[in-house]
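Reading through the structure tokens given below for one structure.
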Amino acid sequence: RNILDHIYSPEAYYERVRTFLQTYKPHKIKVQLSRKYIVEQSVAFMRSILRLGILGNERAYYWRLFFWALFRKPALFPQAITFAIYGYHFRQICELRIQNGL
């Protein structure tokens, strides 16, 4: 339990995301995005702001990553938000597993 608490703690998780994004070099490809995809991604982004940035206990770490990526790695901003959402999901699953006795 202590290991899971540590690796999925907001502080440790967001620091790993930031470290990864500092060294990540994405391939440059052009894709045509559908309107449906853009709407779905926009809704997910707004929900992340609400759940992680306003209501979440990890909001300080979310906003730190948000603004760091926006100004320092703007090309990776979507990935930063995606990883923040993944972290939220991982913490939820971890909590359920711990509550149910692993």
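Quick note: the coordinates plus some simple rules give every number you see, no bench work behind them. What you see is a predicted model; the values in this text were computed from it and never measured. Neighbour counts are summed over all protein chains in view; Cβ atoms, including those assigned to glycine, are modelled from backbone coordinates with ideal geometry.
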Practice problem: Provide the per-residue ³J(HN,Hα) series for the range 43-58, in order, calculated from phi with Karplus coefficients 6.51, -1.76, 1.60 and θ = phi - 60°, each as a whole number of Hz, with x at glycine and proline positions. | Solution: 5, 4, 4, 5, 5, 5, 4, 5, 6, 9, x, 10, 8, x, 5, 8
Practice problem: Sort out the exposed loop trypsin sites (Lys or Arg not before Pro) in the chain (DSSP loop, at most 11 other Cβ within 10 Å) and tell me the longest stretch that has none. | Solution: 31-102
Self-check item: Prolate/oblate/rounded call for the range 1-63, Cα gyration tensor, a/c under 1.5 rounded
Solution: oblate
Quiz item: What ³J(HN,Hα) values, in whole Hz, does the Karplus curve 6.51 cos²θ - 1.76 cosθ + 1.60 give for the range 26-38 when θ = phi - 60°, with x put for Gly and Pro?
Solution: x, 6, 8, 10, 9, 10, 8, 9, 6, 4, 4, 4, 4
